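To keep things clear, I will list the structure first and then write my remarks on it.
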Amino acid sequence: MKLHINNPNHLTDFVALNELWIRHYFKLEHADKELAKNPEKIINAGGYVISLTESNQVVAVCALFNKANGIYELARMTVHPNFRGRGLAHLLMAACFQQLNKIKAKKVYLISNTKLKAAIKLYQHHGFITTHLGPHPDYQRADIVMEKIITFIT
């Protein structure tokens, strides 16, 4: 398994994997379609696209969107269905925290849905706490916001 950060060759797979999981549970929304047109904007705005590959196949992805002043949104985390159950989401999460520590981020938050039980459990395991339950203005599918204050490792 190989970790990549901001590999432009992985952006097409990043979009495809995200559309696959969103369609499985929900429906694509306007923000999803807009991001698919220009996923480079994550990187261009100071964010990060993190991917894991096995035998040159992108098998897991996530993004850290730069929201300003040391605050990042963890989003678009998914693992290819054939590679689930192997701990790859934990590897992605560790890579995110390593990157956030490297850039001295202050806080990371995420927007999700409570019916994604495994994802919520993953986030809780990694120290995220719930800050909002209920509808979200940006996504019809979202009903939970979680965050974590970053503690720097020196």
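The values are calculated or read from the model by the stated rules, or taken from the named source; none is laboratory data. Computed from a prediction, not measured in an experiment: that's the story for all the values here. Here the Cβ is made from the backbone with ideal geometry for all residues, glycine too, and neighbour counts use every protein chain on show.
Within the bounds of the stretch 38-48, is there any residue that is modelled with pLDDT of 95 or more, under 19 Å from E73 (Cβ atoms) and among the charged types (D, E, K, R)?
Scanning the stretch 38-48, I find at least one residue that is modelled with pLDDT of 95 or more, under 19 Å from E73 (Cβ atoms) and among the charged types (D, E, K, R), so the answer is yes.
If I go through the stretch 103-130 residue by residue, how many of them are hydrophobic (A, V, I, L, M, F, W, C) and part of a loop (DSSP other than H, G, I, E, B)?
Looking only at that region, the number is 4.
Taking only the stretch 19-52 into account, find how many residues are surrounded by 11 or more Cβ atoms within 10 Å (Cβ to Cβ) and closer than 21 Å to Q99 by Cα.
Residues flagged as surrounded by 11 or more Cβ atoms within 10 Å (Cβ to Cβ) and closer than 21 Å to Q99 by Cα within the stretch 19-52 amount to 13.
Give just the number: which of (1) touching a residue at least 40 places away in the same chain (Cβ under 8 Å); (2) surrounded by fewer than 18 Cβ atoms within 10 Å (Cβ to Cβ); (3) out of contact with any Gly (no Cβ under 9 Å at 6 or more places or on another chain) does C96 not satisfy?
So C96 meets the others, but not (2).
May I ask you to list the residues in the stretch 131-150 that are assigned to a loop (DSSP other than H, G, I, E, B) and either surrounded by 14 or more Cβ atoms within 10 Å (Cβ to Cβ) or touching a residue at least 60 places away in the same chain (Cβ under 8 Å) (or both)? Even if it seems obvious, please write down each step before you answer.
Here is the first cut: in the stretch 131-150, the ones assigned to a loop (DSSP other than H, G, I, E, B) are 134-143, 150.
Scanning the stretch 131-150 gives H136, D138, Y139, Q140, R141, A142, D143, I150.
Got a number for residues in the stretch 41-53 being within 13 Å of F65 (Cβ to Cβ) and either in a helix (DSSP H, G or I) or not hydrophobic (A, V, I, L, M, F, W, C) (or both)?
Of the residues in the stretch 41-53, 7 are within 13 Å of F65 (Cβ to Cβ) and either in a helix (DSSP H, G or I) or not hydrophobic (A, V, I, L, M, F, W, C) (or both).
Mind checking which pairs have a first residue in the stretch 69-93 that is polar (S, T, N, Q) and a second that is in a strand (DSSP E or B), Cβ under 8 Å, 6 or more apart or different chains?
From residues that are polar (S, T, N, Q), the pairs are T78/A60; T78/V61; T78/C62; N82/V59.
Looking only at the stretch 60-69, which residues are more than 14 Å from N7 (Cα to Cα), modelled with pLDDT of 95 or more and either surrounded by 18 or more Cβ atoms within 10 Å (Cβ to Cβ) or not charged (D, E, K, R) (or both)?
F65, N66
Within the stretch 5-18, does at least one residue satisfy the condition of being in a strand (DSSP E or B), over 14 Å from the mean Cα position of the chain (by Cα) and of a type outside the set (K, R)?
no
Just name the residue that is surrounded by the fewest Cβ atoms within 10 Å (Cβ to Cβ) out of those in the stretch 112-130 that are farther than 19 Å from L64 by Cα and in contact (Cβ under 8 Å) with a residue 60 or more places away in the chain. Walk me through it before giving the result.
Within the stretch 112-130, the first condition is being farther than 19 Å from L64 by Cα, and the residues that meet it are 114-118, 121.
Now restrict to residues that are in contact (Cβ under 8 Å) with a residue 60 or more places away in the chain: 115-116.
Values: K115: 12, L116: 16.
The residue in question is K115.
Among the candidates L74, L92, L100, which residue alone is within 22 Å of H24 (Cα to Cα) and part of a helix (DSSP H, G or I)? Show your work before the answer.
On the way: L74 fails: part of a helix (DSSP H, G or I); L100 fails: within 22 Å of H24 (Cα to Cα).
The conditions single out L92.
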